[in-house]
There are 2 protein chains.
Amino acid sequence: MNDLTQTPEMLIAQLGARARGAAALLAGASDAQKADALCRAAQALRERAPAILAANARDMDNALSNGLSPALLDRLKLNEDRISAAADGVDQVAALANPLGSVIDTAVRPNGLKLSRIRVPLGIVGIIYESRPNVTADAAALCLRAGNAVILRGGSEAKESNRAIHAAMVDGIVAAGLPAEAVQLVPTTDRAAVGALLKASEFVDLIVPRGGKSLVARVQEEARVPVLAHLDGINHSYVDGAADPAMAQALVVNAKMRRTGVCGATETVLIDRSYAHAPALVQVLIDAGCEVRGDTDVQAMDARVKPAADEDWDTEYLDAIVSVGLVGGVDGAIAHIAAHASHHTDAIITEDAETAERFLNAVDSAIVMWNASTQFADGGEFGLGAEIGISTGRLHARGPVALEGLTTYKWIVRGQGQTRP
Amino acid sequence: MNDLTQTPEMLIAQLGARARGAAALLAGASDAQKADALCRAAQALRERAPAILAANARDMDNALSNGLSPALLDRLKLNEDRISAAADGVDQVAALANPLGSVIDTAVRPNGLKLSRIRVPLGIVGIIYESRPNVTADAAALCLRAGNAVILRGGSEAKESNRAIHAAMVDGIVAAGLPAEAVQLVPTTDRAAVGALLKASEFVDLIVPRGGKSLVARVQEEARVPVLAHLDGINHSYVDGAADPAMAQALVVNAKMRRTGVCGATETVLIDRSYAHAPALVQVLIDAGCEVRGDTDVQAMDARVKPAADEDWDTEYLDAIVSVGLVGGVDGAIAHIAAHASHHTDAIITEDAETAERFLNAVDSAIVMWNASTQFADGGEFGLGAEIGISTGRLHARGPVALEGLTTYKWIVRGQGQTRP
């Protein structure tokens, strides 16, 4: 890099200043205009599908020559269906209720001052993501709908696909009379640009990393900007002594095996020592194709159970593997979860309402469930329309984060000339 | 430091583990028990006033020999009235409504899953503060009332006073049957302990710095834990052409001069070029003892006006100084504020409701006011009972932060055996 070259910091400052300008224009735009921009963007995605597929084919060629893993290749790969699904997702975000301007609460003070808190945009959001090019569409849609400007920084392996999808989104935005700079794509895949973005507290109000553990860890380590991070989902399903056996089997198999690679998948099954149907539960998991790792009591239930090592209780397998342990009732489950959970999603299965409420109250996780599959941990399933991520942090937003999590509020005070004594 | 000495990291880990245990016990305590603990703590503060005053006298002696400034000495100094006020503050926090367990929203999904979001404690809060020993009482009270364990790290100049106040708070907490470790004071004033606390993301959920700019800047620079920071209050009062002259004079003088050292003080007065009473407004400010720095138009109004330099428009004086500028109506004011404000508190003075709403909508500050003094920017004035600070950040909590800002939420999902398709 020499004097004639733009530094990463200069690049991010330029993008940031444009985003700031765009955010100011978005603040003056109506909600209908933002929704219209998204409908037009969805249409542009559909119309430009051939160009997007051609760009994706170039990325896939590069990825193959670079020896990307089959899992990453699958994430990178686009086809007509996936583009159509991305466009549908953008349409769905357009159809959500306006998250801005709603009144959170009001008060009238004894001195006559009228207070209200109303929802306003967060400002400028930075998204740092890997592999899946559809994030370019859905993250942009969510940010725009909440009135934010967004700076997208996708992975180098998807750069052609991201550019093509970004161009379609901008087409729709401009057609609706909104500024192109509302959605910007960092025009380089230089890693130093990520570092500059993470430190740009003057320009960026929130960073959302979407990707694997190493990406999230790097972002959390380097960022000087607030981060909405999603860490592990070491989720538990606890089968209480008062569980219905058929329901317990159905829920545990679904929670573990429906899709093993999602963050809402159950990784540890805890079973009450007094539950009579534990062996059948272990058997049905193994029969469903799941490797069961258990303590000595669980190993005694089925010859196919493998011994669990200490680290198994703290492992997010994201695979067809589950650790199974016996605990002393709901209090034993609560204690085990407190020691081992990542506080993402934890469930109890029981017919006893009192026991269930004890669990729901005592387990300190973003999502706690009673008689439901942990795989429901998802913004769409929660009716949020779409999610920018599932936060395992405790500040600002917890669990599935959608439009509301991309807003903040301001206090409005209306007086009649009051001075403070 | 040698092998036999506890490192700052070990010390913070020890405090953090105790806080974690205390937070778990607080989760099982009733709201009445927490309120009772605070009432008992307030009583203990009153009863132990002689010991607290003796401790404070030792701090004052040290401070005098160390040549502390008169302003810092005044902040450090305790007397009967200040201890009584601190105890009253703790009683007031005890009297606030329970911030925990309230339902933020609920939904029933088409598949029958019942969702609710409820307020729960944030967890463990670290408070880093300077000089004023009463923070030991009020921060502890707010954190405890919201179900959090707190780790307090006061300034070295107040260490004896802080210890004495902390001992009284713990007395009350223990008398109510709650764990002493719910409120811990870092037992060393070694600066390395602050560094360790700022990086203890395993143990601390939120850091709140309370002090001067250099403290807040250090905390923001070093922290790996989320920070609720209060930066500058470069606040504006804009006098519109349609302002009532008597109201404008009363508001501007109050907003600037009531107390010049508080973060809600107005630092810049903007006046509409079309406002006929600008010279009288400038005169009344100067007559009230305020130095006015103005642009050339303002200098022409009164011989006592000093020229404003560029940096004056970006300065938080915290003193009897104000910058005064003429702008082109409400849009000129909005543009000036967007360029120079710290987004803390900004006010418009006008009789025109439409102009006022335009300002309230367009100015992106934590607090926006119409016909009210910016000095009302205060948690107590907003009816929040007490505040842990005024956040100038956009994440989690904005403006005055009180009990609600010390909570988070969890999602509770109640099912009837639903599996995810």
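Globularity index of the protein assembly as shown is 1.01 (Cα radius of gyration / 2.2 N^0.38 Å, N = number of residues). Both radii are taken from the alpha-carbon atoms of chain A; with Rh as the Kirkwood radius, Rg/Rh is 1.03.
Tell me the volume per residue, in Å³, of the convex hull enclosing the alpha carbons of the range B:201-339.
Working: hull volume 17.0 nm³, N = 139.
Dividing the Cα hull volume of the range B:201-339 by its residue count gives 122 Å³.
Coordinate range of the alpha-carbon atoms in the range B:53-96 per principal axis, descending: 41, 20, 13 Å. Between B:TRP370, B:TRP411, B:TRP313, the GNM of chain B built on Cα springs shorter than 10 angstrom shows B:TRP411 fluctuating the most.
Annotation for the range B:294-319 versus the range B:200-273: alpha-carbon center distance of 19 Å. Accessible area per residue was computed with a 1.4 Å probe on protein heavy atoms; A:ASP61 scores about 100 Å². Note on A:LYS306: lysines with a C-alpha under 26 Å away, same-chain residues under 8 apart excluded, are A:LYS256. Note down the relative contact order for chain B as a percent, whole number, built from C-alpha pairs under 8 angstrom at least six residues apart. Normalised by residue count, the contact order of chain B is 18 percent. Inter-copy label distances at B:ASP297, using a point 7 Å along Cα-to-Cβ, come to 8.0 nm with the shortest given first.
The charge dipole of the range B:235-376, taken about its Cα centre with unit charges on the Cβ of Lys, Arg, Asp and Glu (plus for the first two, minus for the last two), comes to roughly 400 debye.
If you average the C-alpha positions of the range B:338-400 and of the range B:1-55 separately, how far apart do those two centres end up, in angstrom? The distance from the Cα centre of the range B:338-400 to that of the range B:1-55 comes to 34 Å. The GNM of chain B, with springs linking C-alpha atoms under 10 angstrom apart, assigns the highest mean-square fluctuation among B:SER65, B:SER342, B:SER274 to B:SER65. For q = 0.17, 0.20, 0.25 Å⁻¹, what log10 I(q)/I(0) does the range B:163-262 give under the Debye formula with an equal point scatterer on each alpha carbon and no solvent? Scattering profile of the range B:163-262, log10 relative to I(0): -0.90, -1.05, -1.26. Rounded to the nearest 10 degrees, the angle from helix B:8-28 to the longest Cα principal axis of chain B is 80 degrees. Once the 1.4 Å probe is applied to the protein heavy atoms, the range B:235-376 comes out at 35 Å² accessible per residue.
Dipole size of the protein assembly as shown about its Cα centre, with +1 on Lys/Arg Cβ and -1 on Asp/Glu Cβ: approximately 180 debye, rounded to the nearest 20.
Rounded to the nearest 100 Å², what is the buried accessible area between B and A, both sides summed, probe 1.4 Å? Write out the running numbers ahead of the final one.
Numbers: alone 18780 and 18750 Å², together 32130 Å².
About 5400 Å² of accessible surface is lost on pairing.
When the charge dipole of the protein assembly as shown is built from unit charges on Cβ atoms (+1 for Lys and Arg, -1 for Asp and Glu) and taken about the Cα centre, the candidate among A:ALA63, B:ASN254, B:ILE124 whose Cα reaches farthest toward its positive end is B:ASN254. For A:LYS213, a cut-off of 13 angstrom between C-alpha atoms picks up these aspartates and glutamates, skipping any fewer than 8 places away in its own chain: A:GLU130, A:GLU221, A:ASP232, A:GLU316.
Summing Cβ point charges (Lys, Arg +1; Asp, Glu -1) relative to the Cα centre of chain A gives a dipole of roughly 2020 debye.
For the range A:122-213, what value does the Rg/Rh ratio take when both radii are computed over Cα atoms and Rh is the Kirkwood radius, given to two decimals?
Working: Rg = 12.3 Å, Rh = 13.1 Å.
Taking Rg over the Kirkwood Rh, I get 0.93.
The aspartates and glutamates whose alpha-carbon is closer than 13 Å to the alpha-carbon of B:LYS410, local same-chain residues fewer than 8 away aside, are A:ASP346, A:ASP364, B:ASP105.
Each residue was assigned an accessible area with a 1.4 Å probe, and for B:MET247 the value is about 40 Å². Distances between copies at A:ASP74, taken between label points 7 Å from Cα along the C-beta direction, are 6.9 nm in increasing order. Among chain B residues, the one whose Cβ is nearest the axis of the rotation from B to A, given with its distance rounded to whole Å, is B:HIS396, 2.
For chain B, a Gaussian network of Cα nodes joined below 10 Å ranks B:VAL330, B:VAL108, B:VAL170 by mean-square fluctuation, and the top entry is B:VAL108. Each other copy places its own label point for A:GLU354 at 6.5 nm from this one, sorted shortest first, where the point lies 7 Å along the Cα-to-beta carbon line.
In percent, rounded to a whole number, the relative contact order of the range A:171-299 is 17, using alpha-carbon pairs under 8 Å and six or more apart. Computed over neighbours whose Cβ is under 10 Å from that of A:ARG394, the net charge equals 0, Lys and Arg +1, Asp and Glu -1. When the Cα positions of A:VAL284, A:HIS340, A:ILE367 are compared along the charge dipole of the range A:235-376, A:VAL284 comes out farthest toward the positive end, with charges on each C-beta of Lys, Arg, Asp and Glu. To the nearest 10, the accessible area of B:CYS39 is 60 Å² with a 1.4 Å probe.
The values are calculated or read from the model by the stated rules, or taken from the named source; none is laboratory data. These figures come from a predicted structure and were not determined experimentally. A quick note on method: Cβ atoms are made from the backbone with ideal geometry, for glycine too, and the neighbour counts reach across all protein chains shown. Just the protein is used for accessible areas: all its heavy atoms, side chains included, with ligands, DNA and RNA removed. Shrake-Rupley method; radii C 1.70, N 1.55, O 1.52, S 1.80 Å.
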